[in-house]
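The values are calculated or read from the model by the stated rules, or taken from the named source; none is laboratory data. Remember, it's a predicted structure, so these values are computed and weren't measured experimentally. For neighbour counting, all protein chains shown are included, and Cβ atoms are generated from backbone atoms with ideal geometry for every residue, glycine included. Quick note on the areas: whole protein, heavy atoms, side chains included, nothing else; ligands and nucleic acids left out. Shrake-Rupley method; radii C 1.70, N 1.55, O 1.52, S 1.80 Å.
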Amino acid sequence: DTIGVFQLESRGMTSFMKQLEPQSLEDIIAGISLYRPGPMDQIPKYVDCRHNPEHITYDHPLLEPILNVTYGCAIYQEQVMQIVRDLAGFTMGQSDMIRRAMSKKKREEMEKYRQLFIYGGTDDKGRTIDGAVNRGVPEKTASKIFDDVSGFAGYAFNKSHAACYALVGYWTAYLKYHYPTEFMAATLNS
């Protein structure tokens with residue numbers, strides 16, 4: 001049923017939507033964000049936790065308020081930024097710098113941010129960062145969280161971008177369902 005539906009008509013996305021069985025615009029937003037090279041690894045976990053909420057887990061309790069809307073999966077750029085702020089004490093501006101470094105895959109910068117995220121310290125401008133360990137996150141957990149988010153952050157959408165795509169997808173699905181003749185004529189003509 002997704003043929004002709006914006007962003008949802010490819011074979012892979014159709015298969016994913018069948019598994020997901022979206023029930024809300026939020027599900028479509030997440031689906032569009034997940035169906036990208038980095039976040040795609042989260043699809044099986046996301047689908048499982050969507051259908052089985054008892055399977056949702058968090059590497060640390062501080063992640064729950066950030067990831068509860070996405071069933072324990074980090075999907076959006078904003079979530080990455082909030083994770084580094086809430087777990088390690090980075091500012092809004094610093095968290096955006098980390099997001100940019102992750103997206104450009106700058107190894108040297110990433111190692112610097114990794115150390116600051118886990119252990120804290122002072123940034124390039126002399127500002128103090130607590131670090132996750134100093135905020136009560138075990139070192140091994142902090143390391144895993146940083147590795148997990150940096151593994152997909154370079155491909156992650158920001159949520160507003162995905163929301164715009166999802167809204168157009170929803171509109172095209174609505175038009176296809178309620179005005180199938182007109183929709184198919186328009187689709188064939190364009």
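Structure above, values below:
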| item | result |
| --- | --- |
| Yes/no for Cys49 being touching a Gly at 6+ places or on another chain (Cβ under 6 Å) and open to solvent by less than 70 Å² (accessible area, probe 1.4 Å) | yes |
| Residues satisfying the stated conditions in segment 38-58, i.e. under 18 Å from Lys159 (Cβ atoms), under 14 Å from the mean Cα position of the chain (by Cα) and not β-branched (Val, Ile, Thr) | Gly38, Pro39, Met40, Gln42, Tyr46 |
| Residue list for segment 170-181, restricted to those being part of a helix (DSSP H, G or I) and not β-branched (Val, Ile, Thr) | Tyr170, Trp171, Ala173, Tyr174, Leu175, Lys176, Tyr177, His178, Pro180 |
| Residue satisfying all of: in segment 130-147; out of contact with any Asp or Glu (no Cβ under 6 Å at 6 or more places or on another chain) and crowded, with 18+ Cβ neighbours inside 10 Å; modelled with the lowest pLDDT among these | Phe146 |
| Set Phe183, Phe152: member being among the hydrophobic types (A, V, I, L, M, F, W, C) and modelled with pLDDT of 95 or more | Phe183 |
| Selected residue [open to solvent by 40 Å² or more (accessible area, probe 1.4 Å), assigned to a helix (DSSP H, G or I), modelled with pLDDT of 95 or more and of a type in the set (A, V, I, L, M)] from Leu116, Leu167, Leu188 | Leu167 |
| Test: residue in segment 79-89 that is open to solvent by less than 50 Å² (accessible area, probe 1.4 Å), within 30 Å of Asn189 (Cβ to Cβ) and either polar (S, T, N, Q) or part of a helix (DSSP H, G or I) (or both) | no |
| Odd one out for Lys159 among (1) at pLDDT 95 or above; (2) under 28 Å from Gly31 (Cβ atoms) | (1) |
| Scope segment 62-78; condition in a helix (DSSP H, G or I), more than 22 Å from Met97 (Cα to Cα) and open to solvent by 10 Å² or more (accessible area, probe 1.4 Å); matching residues | Glu64, Pro65, Asn68, Val69 |
| Hits in segment 19-43 (condition: loosely packed, with under 12 Cβ neighbours inside 10 Å and without any contact (Cβ under 8 Å) to a residue 12 or more places away in the chain) | Gln23, Ser24 |
